[in-house]
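Below: one structure, written as structure tokens.
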Amino acid sequence: MDPAYVSALAALAGSAIGGLTSLAASWLTGRGQFNAQRLAHDIDRREELYKDFIEKASESFVDALEHDKPDVSKLVRLYAIVSRMRVLSSQGVVEKADRVILRIIETYLGPNKTPRDIAHDVKNHSMLDPLHDFSNACRDEFRMQAVAPRYAVSR
């Protein structure tokens with residue numbers, strides 16, 4: 001074989017390998033950026049969802065302390081938020097949210113509380129934060145997401 005042909009083939013092969021390497025690097029970089037954006041969007045959606053749940057559950061809990069008839073529309077809104085959580089969140093977060101709603105319903109069924117009753121319960125630690133376990137579950141889920149993102153595995 002003519003040495004000129006060998007040089008030309010080596011140049012073409014090197015050029016092709018360099019082009020493929022560049023293409024692969026660009027593809028991997030783009031994929032990594034897409035996954036990072038998708039993860040950030042997923043986290044933002046869940047943060048907003050959890051914020052809505054905490055606000056609505058707090059309002060419902062206060063209403064339950066003051067009234068003995070449940071505000072059904074508020075409870076339905078809470079269940080709607082929990083249904084959205086079933087799509088986006090871990091099972092642990094959903095279970096804690098369900099427990100919050102049950103606690104609110106139990107509070108409606110109990111006697112109404114006066115400000116003096118509430119102060120007494122808080123002072124004696126008999127009325128714990130109904131959202132405490134839910135908040136912890138959300139924080140744990142976000143920590144786990146940071147360690148092992150859901151979208152890191154190729155699909």
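Tabulated values for the structure
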read-out: Pair list, Cβ < 6 Å and 6+ apart or interchain, from the stretch 132-143 residues that are closer than 16 Å to residue 49 by Cβ to residues that are among the aromatic types (Phe, Trp, Tyr) and part of a helix (DSSP H, G or I); value: 138/50
read-out: Top-ranked residue in the stretch 30-72 [being within 22 Å of the chain's Cα centre (by Cα) and among the acidic types (Asp, Glu); ranked as farthest from residue 131 (Cα to Cα)]; value: 42
read-out: Among the candidates 84, 38, 46, 77, residue that is in contact (Cβ under 8 Å) with a residue 24 or more places away in the chain, out of contact with any Leu (no Cβ under 8 Å at 6 or more places or on another chain) and among the charged types (D, E, K, R); value: 38
read-out: Residue identified as among the polar types (S, T, N, Q) and loosely packed, with under 12 Cβ neighbours inside 10 Å among 114, 107; value: 114
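Listed here are the residues, each with its yes/no results for (1) modelled with pLDDT under 95; (2) touching a helix residue (DSSP H, G or I) at 6+ places or on another chain (Cβ under 9 Å); (3) surrounded by 15 or more Cβ atoms within 10 Å (Cβ to Cβ); (4) of a type outside the set (A, V, I, L, M, F, W, C).
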{"residue": "42", "(1), (2), (3), (4)": "yes, yes, yes, yes"}
{"residue": "45", "(1), (2), (3), (4)": "yes, yes, no, yes"}
{"residue": "65", "(1), (2), (3), (4)": "yes, yes, yes, no"}
{"residue": "70", "(1), (2), (3), (4)": "yes, yes, yes, yes"}
{"residue": "73", "(1), (2), (3), (4)": "yes, no, no, yes"}
{"residue": "80", "(1), (2), (3), (4)": "no, no, no, no"}
{"residue": "94", "(1), (2), (3), (4)": "no, yes, yes, no"}
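The values are calculated or read from the model by the stated rules, or taken from the named source; none is laboratory data. Computed from a prediction, not measured in an experiment: that's the story for all the values here. Here Cβ is always computed from backbone atoms with ideal geometry, including for glycine, and neighbour counts include all displayed protein chains.
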